[in-house]
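Undergrad: Let me give you the structure first, and then I'll get to my questions.
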Amino acid sequence: MKLQGQLTDAQLQPPDDKISGIHVFFLIHSVQTGVGGLGFQRIIAQKAGHDSWMAVLIAGVFVQIAIFFMYLALKKRREDLIALHQRILGSWLGKIFSLVFMIYFVSLGAAVTRSYSELVQIWMFPDLSTWSISLAMLLLVFYIVSGGFRVVVGISVLSVILPFYLLLLLIIPIEHAEFSNLLPIGEATFGQLLNASKEMMFSYLGFCTFLMYYPLIKGGPRTQKWAQSGALFTMILYFVVSIITLAYFSEKQLLTKIWATFSLFKVVQFPFLERFEYVGLASWAFVILDNVCLLLWASVRILRRLWPQSSGRKFLVATLVLIFLENIILSGRDDINKYIQFVNQWGVVINFMYLPLLYLVGFFREKWRRVP
Amino acid sequence: MADHWQRVVEKESNSVDFVYSSFPYSYRPYSVSYYRSLINNDLLHAVILPALEGDNLRNDESVRMAIPIEKVQLIDDVNEAQSLLLKGYVMVLLEGDGKHDGILIPVPVVGGRSVTAPEVEFTVLGPKEAFVERLDTNLGLVRRRLPVSDLRVHRIEIGSLSKTQIAVLHIEGIANPENVKTVQDRVKKICYDDIIDSSFVAQMIKDQPNSVFPELLDTERPDRVAGVLGEGKVVILVDGASQALIGPSTFSEFFTASDDYFIPWQMATFFRFVRILSSVLSIIGSPLYVALLTYHYELLPQDLVGILIISRETVPFPPILEAIILEWAIELIREAGARLPTKVGQTIGIVGGIVIGTAAVQAGLTSNILLIIVAASALSTFTSPIYQMGNAVRLIRFPMMLAAQMWGILGIVLGVIFLCAHLIRMTSLGNPYLEPLFPLRISDFKDSYIRLPFSMQRRRPLELRTKDSQYMPKGDSSQGGSSE
């Protein structure tokens, strides 16, 4: 008896690669929420005190504007970042700047995995070696990213839906919250608020992966409402969390809480479960893993767009090995912090300085070209 | 008799159940050959032989007309005759100088089981018919529920040894032709000599042959088949199998029972929720025990930890070993229960379950809390109405326990993420398996993880991309009450 009936992949129908507009909501929202969501409260409170919730809103509005400009830049030709670069900067310079984005995505992915594995080591397993947890996560990332864009999007959707119960648990600390902590409103100066907003921005980053997957969305420009509402949802979420944090902790207390969201989970207690932050931390794996997946997918995509013949799979493996090595080498709170700071600064430069500049150049070039 | 016919008869005569007899003194001399085990002997003797003895059989055509049975055919081709002999035909070779060599008369024996109540997918309410092994009976069961000519049945024969008849069913004008074509193409491509059961076909036309999850839903209920045909799906019936295959299927359908449509929608939704939740608990139950007791004692409140510690006081194994031993024991009881004859089965089940369980706890080999968890999760695997899904759940628990041993609850979460990624990657006949969760289609939730009332089920699932998307023509409110 011989078995020949099994089908190879090529014989199977290739799944439709385009995704419908509603998924943009999840892609934007899920890549924004990550490790930043666990500890942003202290950082912005350092700059703007109990008014720091305003910084959340200000930064959120900036993100909305940034998304608006992304659509403005891409929607006319339904192109992606690579095409945009090529059109505005020319072949050579465009390639170089595309590579910058690729490196940025990979290093952001590395930063996310390293800070998460550090969190696990600090809170859950002080004895766990970095390599074992990194290896487990990176293998998962490989499985997801090698499945293609659809799988990455699917993980984004589930990473929003499944850990959503964590948010509902934050209702419990409200019982003990003291909302007068928020008063008086408006004590921080405008400069302080802007400074806090800049710090806040780190927790919103990652959404510029949008520049890579925009052509893969059905409906093109009509999906802007989904992208905007995804970012809006992130903003509301962070806003609620920051209000609860500010009301629950006094300002001085808050300045000692590096991972304030975890400290809030600590309050949650059930008759059958205590120290809920463990569950919170483990569930957070879902929230951060989809970031890494999307970032790495975007970097593979850049490679494949620049050199269509290259093997995305080999590149992915190489990248993952690189991230793995980086995770092992980077040890010690200070080094990790410095690295993350560095990547974040870079992110702000790319998102809010380089990209607007690029759009401007593109805009003027188009204008000049039209007038002969 | 011509030489080539002589050879056929000689070759077949090697089987003891082959009968050959000639009647040289009739008005028109002839010989009859057939397989005794395959034909209806009463019919042969009462109808066919007397007809062949008539004295007005001047030519071949009149012989054919003399036999009062449909589909009698004149033959000249040896190979065709040979294969039809094996399908319950009687071959009559006519002597003389007629145009044709003989005739073939179909008199297959109609046997097999009669239609009984479903055993695997039993429901308290609703119809109590289940498929049997005969393809024609099964087709009849479906046709009776869908008396429309648009119900198309496409026959394919596969298997070089078994010559299994496969029927691919769909409703023209509703089902997406692409799905129908996919099924037909894949079934035709099956190249395996012996197809025993529909589960062979299910495994061979799977999109992901290496996945533990079933991709085509197998059911023994004709009412379920009729229901999904109306939805726009494709159904495969296999001769000799009492399970029909339904595709494309989604993950949520494996937690759908026929019962859900016979009871009010609130209850149906609740029961679906119970099924999915218990399957999830069944997967993470014992891994959670392993994780909590190996790494995270502090997660449990003091009172609960006390009980746990006391129950584990005398247990000499680490939690992972304890859990694996007990899970193994449960699998043992279940396997034994499935193999044992019905009459001893129950007794052994009780002996195995109660005696071994109690004794193990009293001897201090396992904690009784783990016993509760393991027994509850074993029970939970049976809540999936489709047996194959229960099997998948059964297997997943073991790697999950290992993950829990390595990374505690983080390991469980990573395992769940892996499962999610796997389910997202999966397709059934090229359609996404996790739909409507991903790709997210809100309107398809109406009959997947929840079930909304019939009045809200106006449209067929988007997933199937049916040609006719409406269940109910516009303005027809006969099913939704008079309020619309």
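Undergrad: To the nearest 20 debye, what is the magnitude of the charge dipole of the protein assembly as shown about its Cα centre, counting +1 on the Cβ of each Lys and Arg and -1 on the Cβ of each Asp and Glu?
TA: Dipole size: approximately 3260 debye.
Undergrad: Okay, next question. Mind checking the log10 I(q)/I(0) for the range B:160-298 at q = 0.11, 0.13 Å⁻¹? Debye, one equal scatterer per Cα, no solvent, two decimals.
TA: Taken in order of the listed q values, log10 I(q)/I(0) reads -0.53, -0.69.
Undergrad: Over the Cα atoms, compute the radius of gyration (one decimal) and Dmax (the largest Cα-Cα distance, rounded to a whole number) for chain A, in Å.
TA: Taking only Cα atoms of chain A, I get Rg and Dmax of 21.5, 82 Å.
Undergrad: For the range B:3-106, what % of the accessible area comes from carbon and sulfur atoms, probe 1.4 Å?
TA: Taking all protein chains in place, the range B:3-106 shows 49 percent carbon and sulfur surface.
Undergrad: While we're here: Summarise the long-distance tail of P(r) for the range A:240-372 by giving the % of C-alpha pairs beyond 22 Å.
TA: 65 percent
Undergrad: For the range B:311-365, divide the Cα radius of gyration by the Kirkwood radius and give the resulting Rg/Rh value with two decimals.
TA: We get a ratio of 1.06 for the range B:311-365.
Undergrad: Which semi-axis lengths, in whole Å and largest first, follow from the square roots of five times the eigenvalues of the Cα gyration tensor of the range B:93-226?
TA: On the way: eigenvalues 190, 94, 59 Å².
Whole-Å semi-axes of the equivalent ellipsoid: 31, 22, 17.
Undergrad: Per the Kirkwood treatment, what hydrodynamic radius in Å, one decimal, follows for the range B:317-404 from the mean inverse distance over all distinct Cα pairs?
TA: Result for the range B:317-404, one decimal place: 13.7 Å.
Undergrad: Cα convex hull of the range B:3-106: mean projected area in nm², to one decimal?
TA: Values: hull surface 24.0 nm².
If you wrap the Cα atoms of the range B:3-106 in a convex hull and average its projections, you get 6.0 nm².
Undergrad: May I ask for the net charge around B:R221, where only other residues with Cβ less than 9 Å from the Cβ of B:R221 are counted and Lys, Arg are +1 while Asp, Glu are -1?
TA: Local charge sum for B:R221: -3.
Undergrad: What net charge do the residues around B:I307 carry, taking every other residue with its C-beta under 15 Å from that of B:I307, with Lys and Arg at +1 and Asp and Glu at -1?
TA: Details: positive: B:R312; negative: A:E274, B:D303, B:E313.
Spelling it out: positives minus negatives among the neighbours equals -2.
Undergrad: With bins 10 Å wide starting at 0, give me the P(r) of the range B:1-49 over every alpha carbon pair, in whole percents.
TA: Each 10 Å bin holds this share of Cα pairs: 22, 51, 27, 0.
Undergrad: Name the residue farthest towards the positive end of the dipole of chain A from the options A:W297, A:I155, A:L84, assuming +1 on Cβ of Lys and Arg, -1 on Cβ of Asp and Glu, about the Cα centre.
TA: Going by the charge dipole, the pick is A:L84.
Undergrad: Which residues of the range B:390-420 bury at least 20 Å² of accessible area once all protein chains are present, versus their chain alone (1.4 Å probe)?
TA: B:W407, B:I409, B:L410, B:V413, B:L414, B:I417, B:F418, B:C420
Undergrad: Go ahead and run the numbers for FRET between B:E119 and A:L72, Cβ-Cβ distance against an R0 of 60 Å, rounding to 0.05.
TA: Rounded to the nearest 0.05, the efficiency is 0.40.
Undergrad: Considering the convex hull of the alpha carbon atoms of the range A:26-145, report its projected area averaged over all viewing directions, in nm², one decimal.
TA: The number I arrive at for the range A:26-145 is 10.4 nm².
Undergrad: In degrees between 0 and 90, to the nearest 10, how far off the longest principal axis of chain B does helix B:387-425 point, with axes built from Cα atoms?
TA: Tilt of helix B:387-425: around 20 degrees.
Undergrad: Moving to a separate point now. Excluding same-chain residues fewer than 8 positions from A:K367, which aspartates and glutamates have a Cα within less than 16 Å of its Cα?
TA: Within the straight-line limit of under 16 Å, A:K367 reaches no aspartates and glutamates at all.
Undergrad: What's the average, rounded to a whole number, of partner chain beta-carbon atoms within 10 Å of each residue's beta-carbon in A:147-155?
TA: 5
Undergrad: Can you pull the one-decimal nm distance between simple spin-label points at B:I354 and B:F317, each 7 Å off the Cα toward Cβ?
TA: Spacing of the two 7 Å Cα→Cβ label points: 2.4 nm.
Undergrad: Compute for chains A and B the buried accessible surface, both sides summed, probe 1.4 Å, and express it in Å² to the nearest 100.
TA: The summed interface area works out to 4100 Å².
Undergrad: Another one. Tell me the Rg and the Dmax, in Å, that the Cα atoms of the range B:258-344 produce.
TA: Over the range B:258-344's Cα set, Rg and Dmax evaluate to 18.4, 51 Å.
Undergrad: I need the peptides B:229-240, B:328-339 ranked by packing, meaning the mean over residues of other C-beta atoms within 10 angstrom, with the highest value on top.
TA: B:229-240, B:328-339
Undergrad: Ok, one more. Which whole number gives the average count of other chain Cβ atoms within 10 Å of the Cβ atoms across peptide A:272-282?
TA: For peptide A:272-282, the averaged partner shielding equals 5.
Undergrad: Here's another thing I want to ask about it. Taking the Cα centre of chain B as the origin, how large is its charge dipole in debye, to the nearest 20, when only Lys and Arg (+1) and Asp and Glu (-1) carry charge on their Cβ atoms?
TA: Result for chain B is approximately 1060 debye, rounded to the nearest 20.
Undergrad: Looking at the P(r) of the range B:76-134, how many percent of alpha-carbon pairs lie beyond 13 Å?
TA: 71 percent
Undergrad: Hey, can you grab everything whose amide H is under 5 Å from the amide H of B:L300? Only 5+ residues off in sequence or another chain; H modelled, so Pro and N-termini drop out.
TA: Amide H to amide H, under 5 Å and 5 or more residues apart or across chains, B:L300 pairs with A:E274.
Undergrad: State the percent of C-alpha pairs, over all pairs in the range A:281-335, separated by a distance greater than 19 angstrom.
TA: 44 percent
Undergrad: Tell me which of B:S249, B:L217, B:A175 sits at the most positive position along the dipole axis of the range B:135-249, charges placed on C-beta atoms (Lys, Arg +1; Asp, Glu -1).
TA: Of B:S249, B:L217, B:A175, it is B:A175.
Undergrad: Follow-up. Amide H to amide H, which residues 5 or more places from B:Q243 or on other chains are under 5 Å from it, using H placed in the peptide plane?
TA: Those qualifying (amide H under 5 Å, at least 5 residues apart or on another chain) are B:S198.
Undergrad: Which pairs break 21 Å Cα to Cα here: A:K257/A:K338; A:K47/A:K198; A:K76/A:K225; A:K47/A:K257; A:K266/A:K338?
TA: Cα-Cα > 21 Å for A:K266/A:K338; rest within.
Undergrad: Assuming a viscosity of 1.567 mPa s and a temperature of 4 °C, what translational diffusion coefficient in µm² per second does Stokes-Einstein assign to chain B, Rh being the Kirkwood radius over Cα pairs? The partial results should precede the final answer.
TA: Working: Rh = 26.8 Å.
So the translational diffusion coefficient is about 48 µm²/s.
Undergrad: Can you give the charge dipole size of the range A:31-148 about its Cα centre, rounded to the nearest 20 debye, using +1 on the beta carbon of Lys and Arg and -1 on the beta carbon of Asp and Glu?
TA: Dipole size: approximately 560 debye.
Undergrad: Using 7 Å Cα-to-Cβ label points, what is the B:L281/B:E61 separation (nm, one decimal)?
TA: Those two pseudo-labels are separated by 7.6 nm.
Undergrad: Separate question: Using only the alpha-carbon atoms of the protein assembly as shown, report the extent along each of the three principal axes, biggest first, to the nearest angstrom.
TA: Projected onto the principal axes, the Cα atoms of the protein assembly as shown cover 120, 91, 61 Å.
Undergrad: Once Lys and Arg get +1 and Asp and Glu get -1 on their Cβ, which of B:V120, B:F445, B:G230 lies farthest toward the positive end of the dipole of chain B?
TA: B:F445
Undergrad: Would you compute, for the Cα atoms of the range B:264-431, the largest minus smallest coordinate along each principal axis and list the three values in descending order, in whole Å?
TA: So the extents along the principal axes, rounded to whole Å, are 52, 45, 31.
Undergrad: Moving to a separate point now. Once you put a point 7 Å from the Cα of A:V61 and another 7 Å from the Cα of A:F239, both along the Cβ direction, what distance in nm separates them?
TA: Here the answer is 1.1 nm between the modelled labels.
Undergrad: Sticking with this one: Would you kindly calculate the translational diffusion coefficient of the range B:413-458, applying Stokes-Einstein with the Kirkwood radius from alpha carbon pairs, for 20 °C and a viscosity of 1.002 mPa s, and quote it in µm² s⁻¹ without decimals? Before the final figure, lay out each step's value.
TA: Values: Rh = 11.9 Å.
So the translational diffusion coefficient is about 181 µm²/s.
The values are calculated or read from the model by the stated rules, or taken from the named source; none is laboratory data. This structure is a prediction, so every number in the text was calculated from the model and none was measured. Here the Cβ is made from the backbone with ideal geometry for all residues, glycine too, and neighbour counts use every protein chain on show. For the accessible areas, the whole protein counts, side chains as well, though only heavy atoms, and no ligand, DNA or RNA atoms are used. Shrake-Rupley method; radii C 1.70, N 1.55, O 1.52, S 1.80 Å.
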